[in-house]
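In what follows, a structure is listed as structure tokens, so that the remarks can point back to it.
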Amino acid sequence: QVQLVESGGGLVQPGGSLRLSCAASGSIFRINTMGWYRQAPGKERELVATITSAGTISYADSVKGRFTISRDNAKNTVYLQMNSLKPEDTAVYYCNAEATLWSRSTSDAWGQGTLVTVSS
């Protein structure tokens, strides 16, 4: 099975930046898709961005032009660079990975979440 560990959350002022990281570990043959989701207090979880093994990227409309997702395949790590942060970006951010294991089974894993707070 795949384990995911997120890091990089914290408190930032509006207009500031943060960079989130998510490192995957386990008996991974290939990580097919990695992505970031977020859940604000009292709100439903929503997709932020995804990136496939081929480099295909999708963003939520609310973050286009401000957030950038990337991955380092050698390190099994995905990043989310968040610029021009707004108070409405405040949420717990969760990393997700869908991977093929060496056993040829698949794993759809979630991290524990990292809190991003945007406030003056």
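The Kirkwood radius of segment 1-55, taken over pairs of alpha-carbon atoms, gives through the Stokes-Einstein law at 4 °C and 1.567 mPa s a diffusion coefficient of 96 µm² s⁻¹. Each residue of segment 42-47 is assigned a 3J(HN,Hα), and the resulting list reads x, 10, 7, 5, 9, 6 Hz, derived from the Karplus form 6.51 cos²θ - 1.76 cosθ + 1.60 (θ = phi - 60°), x at Gly and Pro. The three principal axes of the Cα atoms in segment 53-120 give end-to-end lengths of 48, 24, 21 Å, sorted in falling order. In the elastic network of the chain, a GNM with C-alpha springs shorter than 10 Å, the most mobile of LEU20, LEU80, LEU101 is LEU101.
Only protein atoms count toward the accessible area here, which uses a 1.4 Å probe; on the chain, the carbon and sulfur part of that area reaches 48 percent.
Two numbers describe the Cα atoms of the chain: Rg and Dmax, which are 14.0, 49 Å. Loop-located chymotrypsin sites (Phe, Trp or Tyr not before Pro) in segment 1-70 (DSSP state not H, G, I, E or B) with no more than 13 neighbouring Cβ atoms inside 10 Å do not occur.
Hey, what's segment 7-77 come to in accessible area per residue, 1.4 Å probe, Å²?
Working: 3820 Å² over 71 residues.
Accessible area per residue, segment 7-77: 54 Å².
For the chain, set up a GNM with springs between Cα atoms under 10 Å and report which of GLY42, GLY15, GLY65 has the largest fluctuation. Comparing GLY42, GLY15, GLY65 in a Gaussian network model of the chain, the most mobile one is GLY42.
The values are calculated or read from the model by the stated rules, or taken from the named source; none is laboratory data. Small disclaimer: the values here were computed from a predicted structure and weren't measured. For neighbour counting, all protein chains shown are included, and Cβ atoms are generated from backbone atoms with ideal geometry for every residue, glycine included. All accessible areas refer to the heavy atoms of the entire protein, side chains included, with ligands and DNA or RNA removed. Shrake-Rupley method; radii C 1.70, N 1.55, O 1.52, S 1.80 Å.
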